[in-house]
Every structure is written in C-alpha cells, then in structure tokens.
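No lab work stands behind these numbers, since they all come straight from the coordinates. Computed from a predicted structure; not experimentally measured. Note: ideal-geometry Cβ built from the backbone for every residue, glycine included; neighbour counts use all protein chains shown.
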Amino acid sequence: MLNGITRPLFGWVSDGLGRENTMFIAFALEGLAILCLAEFGGRTPGLFVLLTGLVFFAWGEIYSLFPATCADTFGTKYAATNAALLYTAKGTAALVVPLSTLLATAAGWHVVFYVAAALNLATALLALLILRPLRTRHLADAAKTAEEGDVGQSSS
C-alpha cells in the first residue's frame with residue numbers, strides 16, 4: 001500500500017522541488033530506512049513493520065520520477081518508448097539479485113542490508129552531483145540548438 005502511495009506523491013513533490021532533489025530525498029530516505037531496518041528491525045515486531053513500511057514507501061518513487069525525468073530531458077515524443085527502456089533496465093538489474101544470496105551466505109544478511117543502504121545513499125548523491133549537472137547541460141545544449149535552428153529558419 002505504501003509503495004502505491006509513493007508513486008503519485010513523489011511525482012507531485014518533484015513537480016515542486018525538482019526531479020533530482022526529489023530523487024535525493026527518496027533514495028536517502030530508502031538508504032536510511034534500510035540501515036534502520038538492519039539495525040533495529042529485529043528488536044520488536046512493531047519496529048519491523050514500521051521500518052519495512054518505510055522501505056517499501058521509498059521504493060515506489062522510481063515509477064514516477066524516472067519517466068518524468070526522462071520526458072523532461074528528452075521530450076514527450078518517445079516518452080512511452082523511453083519509459084519502457086527504463087523499466088527494462090530495472091528488470092535487467094534484477095539479474096544481479098542472486099549476488100545478494102552469495103553475499104548473505106558468505107557474510108550474513110546484515111551485510112546485504114548495509115550494501116543496499118550504501119548503494120541507495122550513493123544514488124542519492126549521484127542524483128545531485130551527476131544527474132543534475134548532466135541534465136542542465138543537456139537542456140541548455142538543446143535550447144541552444146533549437147534557438148540556432150529558429151534563427152536559421154527565420155533568415156531564409
């Protein structure tokens with residue numbers, strides 16, 4: 001249920017705060033929730049339910065943020081195709097899930113949670129430090145190209 005609420009909520013939040021800022025919040029929240037689940041989730045059933053709910057709450061954001069970011073960046077003409085490619089990439093990434101079993105067998109499930117948390121926190125930083133500058137530069141280049149095309153057409 002929380003995962004379903006997240007999808008429109010984070011889409012709405014990103015319309016006001018910006019896509020990358022919202023990704024930062026969502027991935028940081030998820031990383032912290034996974035860390036808390038690893039540390040405190042086994043203490044009481046109530047904490048387990050609460051922290052698991054928080055993790056699932058943060059998981060749903062990609063279904064609104066990634067397609068919106070893609071459409072904002074590359075336009076809406078091929079938005080459905082691009083969204084399908086994003087979803088396919090997510091599915092392909094699921095092929096690495098068996099590695100978590102190997103890691104759990106070798107080092108324990110706590111390590112799997114720590115790795116997942118670290119990857120989420122790293123992704124939160126990447127949204128601000130890498131994605132935002134790349135999108136800003138791409139959109140500026142696209143605007144410049146469009147402007148040059150308009151100037152070329154008006155002088156003909």
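In the chain, a dipole from Cβ-located charges (positive for Lys and Arg, negative for Asp and Glu) runs towards its positive end, and of Ala140, Val97, Ala117 it is Val97 whose Cα lies farthest in that direction.
What you get for the chain, charging only the Cβ of Lys and Arg (+1) and of Asp and Glu (-1), is a dipole of about 280 debye around the Cα centre.
Between beta-carbons, use under 13 Å as the cut-off and find the net charge around Asp141, counting Lys and Arg +1, Asp and Glu -1. Once positives and negatives cancel, what remains is +1.
Taken as entire DSSP H runs, the helices of the chain that both span 30 Å or more between Cα atoms along their own long axis and average -1.0 or more on the Kyte-Doolittle scale are 19-40. The relative contact order of the chain, computed from alpha carbon pairs under 8 Å that lie at least 6 residues apart in sequence, is 33 percent.
Using the Cβ of Ala84 as centre and a radius below 15 Å, the other residues enclosed give a net charge of +2, where K and R count +1 and D and E count -1. Normalised by 2.2 N^0.38 Å, where N is the number of residues, the alpha-carbon radius of gyration of the chain equals 1.29. Rank Phe74, Gly31, Gly41 by how far each Cα sits towards the positive end of the charge dipole of the chain (+1 on Lys, Arg Cβ; -1 on Asp, Glu Cβ) and give me just the farthest. Sorting the options by dipole projection puts first Gly41.
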